[in-house]
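Colleague: Please see the structure below; I have some questions.
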Amino acid sequence: MLNKIANFIEREHLLKPGGRVIVAVSGGADSVCLLLVLRQLGYQVEAVHCNFQLRGEESLRDEEFVKSLCEKLGVNIHLIHFDTVVYAELHQVGIEMAARELRYNYFEQLRRDIGADEICVAHHQDDSAETVMMNLLRGTGLRGLTGIHPRQGHLVRPLLCVSRKEIEVWLAEQGQGYMIDSTNLSPFTTRNLIRLEVFPRIIQKWPSATENILKSARRVQEALRVYEESMKSAISRLVIDDSIAISELLREPSPESLLFEWLSPAGFLPVQIEQLAASLPDVASGRMWISATHELYVHQGKLHLAPVEACRPTLRLPETGTYVYDETTHFRVRLADKWTFDASEQSAVLDASKCRFPLTVRPIQSADRFQPLGMTGTKLVSDYLTDRHLSIREKRRQLVMTDATGQIIWLVGHRIDHRQRITPLTRQALVVELSLRCNYSVPEHCCLGGSERDSPKQYTFR
């Protein structure tokens, strides 16, 4: 037993010879075995026991057992009590997830505090085979079929080379007792159902099932390395500026797999990716998919990925002056008796007599209409932007400027309204200049206003 585990630790490069390690000890057979084995192999072990206060007297019983065991072995122990129920309610997670987050966060904090090399937990072969079965039933994909890995960061699993039966036999040979968690005897959780009812029947019919499942998991892990390298190369080749040409994507051996590797880190769910892959041959421009953090949209034959943006604010401009809309955009509004026209579309020159303050800068709305300069009738702003081949994301970011009557006087960065144009009768112009960079800092969620001769005034967003 000791040689088998020592060879596994060396082969997987899990622990430094004689290193200082933390061992998570619940009091069950697996963790007790791990503590004894690592101590006998010459590691500097320190135990940690978490009391999640979920099983009443049984939790206290386990804590006392672990304390007594460590005292007998001369092993330093770290004890911590968690109010797991309160944590789960506060973070809106299940009890099992709450306990997992609490213990692993504490383990890592403790590792840093005492300068330990690694944190050792007692997962074994049966746990890994059960995980493969659970993930197969859940449909988690290739990575879920590789089982439990020997290392995840500073978390290592030295017992993955032995079975539950080997552990129990070895403890019996050592004359070492252990505690039994009564919750592990109830088949109400998925893992317990598989462990208590499904696997015993499988093993009865196929005695080598656990070993064969783990062999398959290792083969999947090897195949996964080839797959990941292929996907990494394809994404590097095809994704340019967070976009990918659909025609190029369709030439790949598995467009859906490539989409999964590209989009799942951005929070897209497998069902969304499956729907997207199925619609690729004839997906329409303007189609959009949204995750919690990103949005994916189709424009000009490409899939574009971008972070989700907060709703753009509305800014009121009560008089002439310089106004900051956000950290990258500001407007300068002034009256002029003499003026010139800027062909860059970054400024608007309007008849001042036809524009009433206060002005407003806001995102476009679905029913917005204006009369583009040079046209005889009005047009939906959305149709105008479509004619200019703007993407759906660019449309959502588009701003308009209105006057006190609510009429659009400028589709910002594009075209003014024909009715506010300069004519031979114009005596004074209203000049609005757009800049996409701020050269000075301002308080968050405020704008600067007022005449250029006066000290700036502050106006909050409406």
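The values are calculated or read from the model by the stated rules, or taken from the named source; none is laboratory data. Only a predicted model underlies this, so the values are computations on that prediction, with no experimental measurement involved. Cβ sites come from the backbone with ideal geometry, for glycine too, and all protein chains shown count toward neighbours. When the accessible area is computed, the model is the full protein with side chains, heavy atoms only, and any ligands, DNA or RNA have been set aside. Shrake-Rupley method; radii C 1.70, N 1.55, O 1.52, S 1.80 Å.
Colleague: Which of the aspartates and glutamates could be linked to Lys395 by a straight reach, that is with a Cα gap under 15 Å, when you skip same-chain ones fewer than 8 residues away?
Modeller: Lys395 reaches Glu295, Glu309, Asp368, Asp383, Asp387.
Colleague: Here is a follow-up. In 5 Å bins starting at 0, how do the alpha-carbon pair distances of the range 12-128 split up by percent?
Modeller: For the range 12-128, the binned pair fractions read 2, 11, 21, 22, 21, 14, 6, 3, 0 percent.
Colleague: Summarise the accessible area of the range 323-389 (1.4 Å probe, protein heavy atoms) by the percent that is carbon and sulfur.
Modeller: Exposed carbon and sulfur together represent 50 percent of the surface.
Colleague: If you don't mind, another one. Using the heavy atoms of the protein chains alone and a 1.4 angstrom probe, what is the accessible area of the range 8-90 per residue in square angstrom?
Modeller: Averaged over the residues of the range 8-90, the accessible area is 48 Å².
Colleague: For Glu345 and Asn184 in one chain, what is 0.36 nm times their gap in residues minus the Cα-Cα distance, to one decimal in nm?
Modeller: 51.0 nm
Colleague: Once you place label points 7 Å from the Cα toward the Cβ at Arg20 and Glu108, how far apart are they in nm?
Modeller: 2.0 nm
Colleague: Separate question: If I model the range 268-407 as equal point scatterers sitting on the Cα atoms and use the Debye formula, what is log10 I(q)/I(0) at q = 0.15, 0.18 Å⁻¹?
Modeller: -0.91, -1.17
Colleague: May I pose another question? Once both labels are modelled 7 Å past Cα along the beta-carbon direction, what's the Thr293-Glu101 spacing in nm?
Modeller: 1.6 nm
Colleague: Could you check how much of the accessible area of the range 224-288 is carbon and sulfur, as a whole percent, using a 1.4 Å probe? Don't skip to the end; give the middle numbers.
Modeller: On the way: 1960 of 3750 Å².
Here carbon and sulfur together make up 52 percent of the probe-accessible area.
Colleague: Across the range 106-121, in residue order, what do the Karplus-derived ³J(HN,Hα) couplings come to in whole Hz, using 6.51 cos²θ - 1.76 cosθ + 1.60 with θ = phi - 60° and x for Gly and Pro?
Modeller: 5, 4, 5, 4, 5, 4, 5, 5, 9, x, 6, 6, 9, 10, 9, 10
Colleague: Do the alpha carbons of any pairs in Lys16/Lys67; Lys4/Lys205; Lys72/Lys205; Lys67/Lys165; Lys302/Lys354; Lys4/Lys72 sit beyond 32 Å of each other, and which pairs?
Modeller: Check vs 32 Å cut-off fails for Lys72/Lys205; Lys302/Lys354.
Colleague: Sum -39500 (n - 2.57) across every DSSP H segment of at least 4 residues in the chain, then divide by the residue count to get the 222 nm mean residue ellipticity, nearest 500.
Modeller: -11000 deg cm²/dmol
Colleague: Right, here's the next one. Per 10 Å bin from zero, what fraction in whole % of the C-alpha pairs of the chain is there, up to the bin with the longest pair?
Modeller: 4, 15, 18, 16, 13, 12, 11, 8, 3, 1, 0
Colleague: Before I look further, what does the range 233-337 give for accessible area per residue, probe 1.4 Å, in whole square angstrom?
Modeller: Details: 5260 Å² over 105 residues.
Averaged over the residues of the range 233-337, the accessible area is 50 Å².
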